[in-house]
Amino acid sequence: MLGPARVRRRRVARTQAVDDASSRVALRFVTPVLLLTLPLLLFVSLFHPATLDIGNAGWLLDGSDAGENALGAHAYWHDHAAGASLRTTLLNAPEGVPVLFTDSNPLVTLVAKPFAAWLPADAQLVGPFILLSLILQTLFTWLLLRRHAPGRIALWAGVVLLAFPPTLMNRAGHVNLMAHWTILAALYLFLDTRRHARWPWWAALIAVSALTHSYLLILVGAIWASAILSQWVDGRPGRRPAILAQVAGMLALGGMLAWWLGVGGQAATGYFGRFSMPLDALWNPGAEASTRLIRGHEASPGRGFEGFQYLGAGGLLLVAAALGVARYRPSREGERVAGERLRVLVPALVALAVLAIARLPLPPALLTWLDPVRASGRLFWPVGYVLILMAVLAVFRLSAHRAAAMLLAVVAIQAIDLSGMVAAIRARSQAASAYRLYTRTTDPRWDQLIARSRAVVFLPGDVTRDLELFQEVAWRAIDAGRPVANVYAARNSRVSLHRLAAEEAALARASIDRNRLYILLPGARIPASLVSRIERVDGVDLIAPGLAAARAQNAGAVVR
């Protein structure tokens, strides 16, 4: 017979075992719920829920880069001749344009292409892509921090601070660049002792980054190059031929992807340095950042947006607190190992920071070579993530209770400071609630005018003079299967620039194609002989075939 004391101990042990099992089950349940809930909460804070409706594209056609993203995908999905070329000829006809340079997401458009027939006629995947990016952002942040946190509350507070910086929110208008998760995934591979030397992981991440945005490819590539350098320096000499083979294979992969994406033949802009990062960017939110607790001053044009690297009041407080903790508390083993690994990354981070900040008079040849990173302020992103990562790890030196209290306080301060910025971003997507495709071109004659035309051309060729008009008319033309001679591209081909210049000269000579619809933008040179043919629809001057007949047929029609 067991004594009463032993019976009680066994009961306590069984109860403890049940509690531990319940805790493990709860943890397995809570983790995936939070990995989905946190990004969803941020999404609905930044965007109207109607943006997730793939049949609701009207909120994007507002003259923004997001509108170009949707327009490029729309053209690619409706271009039956595109195949898997990652190029469409429905925009910038007849040469066409690579999807990459329309600000669309080549990976998303390619994956969705086989299902284009089942998608809504006016589909958009911008909203779903943003939500997916936020989910992956949260996932890789959790993977970076989960083995270092002293407690669960501290862990998830750290995830919020590292996963959702102001720089990520700032890209809401240029949604491909909200895929910051590729940077975090690269840091995770770099720090993971089992995966950092496995080239298939890196090859997959580099391919995804290249098919999402070229700047992400550069940033991920810099981290991969640091991993290769680490293997070369620390590895056995006998492994160096395998490392060289890996480098050659990755360069071949990059070349193949560049060819597939249509890189080459684009005219250089010579703009390197105009969109660099201000020296005070970490604590200066800029004049239009809508922050609550820290007021900034305006950077020179172009630098306040592309060079935006503001950490937020909470982020600045986190860095200050981390310095204080690091001074009095020794690092934990995990933090020490991560710090030693990150030292190998320092040369790449320094190079990226120098390129991000540099604004020097350079020779034209060097400016051309640097043109692929003309928005150089973006190159600082990995540096910012490493800074916050090490700050969070430093706070993790505290006890679970103190680390949780400190990080929750920082999260609250960050939320207050960025609340104005969040509200301003969300206001941009409020139009999604109207479920209205066109707001600039409401006259019912547009569809008939486009249908009667062989093609549509905007003159002068620079459609940024009225980008919202261009997006709506081009969207209508694509629906009708009519090519558009213009495009707003991140990089313009030399051939297209020469063609558009010739188009403008032909218009000035009154030499026009009677089967084309001409949209006349401000500044168009109209000869006297064509003035009588100009008509106005929705306040837009145009020359179109059969306009008089179309106007008679639609007399009294109700504007939709």
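Assuming charge only on the beta carbon of Lys and Arg (+1) and of Asp and Glu (-1), the dipole of the chain about its Cα centre is about 2360 debye to the nearest 20. Sites listed here are GluC sites (Glu not before Pro) in region 255-327 whose DSSP assignment is loop and whose Cβ has at most 16 other Cβ atoms within 10 Å: Glu288, Glu298.
Cα convex hull, region 37-182: 115 Å³ per residue, rounded to a whole number.
Projected onto its three principal axes, the C-alpha set of region 180-261 covers 36, 25, 16 Å, listed from the longest axis down. Restricting the calculation to Cα atoms, region 153-301 shows an Rg/Rh of 1.03 when the hydrodynamic-style radius is the Kirkwood one.
Computed over every Cα-Cα pair of region 445-553 and binned at 5 Å starting from 0, the pair-distance distribution P(r) comes out as 2, 12, 25, 26, 22, 10, 3, 1, 0 percent. For Arg514 and Leu244, a Förster radius of 60 Å and the Cβ-Cβ distance give a FRET efficiency of 0.45, rounded to the nearest 0.05.
Converting phi to 3J(HN,Hα) with the Karplus coefficients 6.51, -1.76 and 1.60 and the offset θ = phi - 60°, region 508-523 yields 4, 8, 6, 9, 10, 8, 6, 9, 10, 9, 9, 9, 9, 8, x, x Hz in sequence order, with x at every glycine or proline. Bridges between two residues of the chain, per DSSP, are antiparallel at a rate of about 60%.
In whole angstrom, region 52-134 maps to an equivalent ellipsoid with semi-axes of 19, 14, 12, each derived as √(5λ) from the alpha carbon gyration tensor and ordered largest first.
On the basis of the beta-carbon distance and an R0 of 22 Å, Val350 and Leu279 show a calculated FRET efficiency of 0.90.
Backbone geometry of region 468-478 corresponds, through the Karplus equation with coefficients 6.51, -1.76 and 1.60 at θ = phi - 60°, to 3J(HN,Hα) couplings of 5, 4, 4, 5, 5, 5, 5, 4, 4, 5, 5 Hz, x marking Gly and Pro. Dividing the summed -39500 (n - 2.57) terms of all DSSP H runs of n ≥ 4 by the residue count of the chain sets its mean residue ellipticity at 222 nm at -17500 deg cm²/dmol.
Kirkwood radius and radius of gyration were both taken over the C-alpha atoms of region 398-507, and their ratio Rg/Rh is 1.29. Each principal axis of the Cα cloud of the chain was taken in turn, and the coordinate range along them, longest first, works out to 108, 56, 46 Å. D by Stokes-Einstein for region 314-379, Kirkwood Rh over Cα pairs, 37 °C, 0.692 mPa s: 219 µm²/s.
Close amide-amide hydrogen proximity is noted between Ala455 and Leu517, each under 5 Å apart and 5 or more residues distant or on a separate chain (H modeled in the peptide plane; Pro and chain starts excluded).
Between Arg295 and Thr37, the contour length at 0.36 nm per residue exceeds the Cα-Cα span by 89.8 nm.
In region 117-182, which trypsin sites (Lys or Arg not before Pro) are in a loop and have at most 14 other Cβ atoms within 10 Å, using DSSP for the loop call? Don't skip to the answer; put the middle values down first.
On the way: sites: Arg146, Arg147, Arg152, Arg171; in loops: Arg146, Arg147.
Qualifying residues, ordered by number: Arg146, Arg147.
Expected output is a single nm value to one decimal: the length gained when fully extending between Thr368 and Ala506, i.e. 0.36 nm times separation in residues minus the C-alpha distance. What is it?
46.6 nm
Rounded to the nearest 10 degrees, the angle from helix 312-328 to the longest Cα principal axis of the chain is 30 degrees. Here the gap between Leu497 and Arg329, fully extended at 0.36 nm per residue and compared with their Cα-Cα distance, gives a gain of 54.4 nm. Take the Cα of Leu251, step 7 Å toward its Cβ, do the same at Val337, and the gap between the two points is 3.3 nm. Between His401 and Arg195, the C-beta separation translates, for a Förster distance of 35 Å, into a calculated FRET efficiency of about 0.60.
Here the simple spin-label model places points 7 Å from the Cα toward Cβ, and for Ile534 and Ala258 these points are separated by 4.5 nm.
Each value in this text was obtained by applying a stated rule to the coordinates, not by laboratory testing. Remember, it's a predicted structure, so these values are computed and weren't measured experimentally. For neighbour counting, all protein chains shown are included, and Cβ atoms are generated from backbone atoms with ideal geometry for every residue, glycine included.
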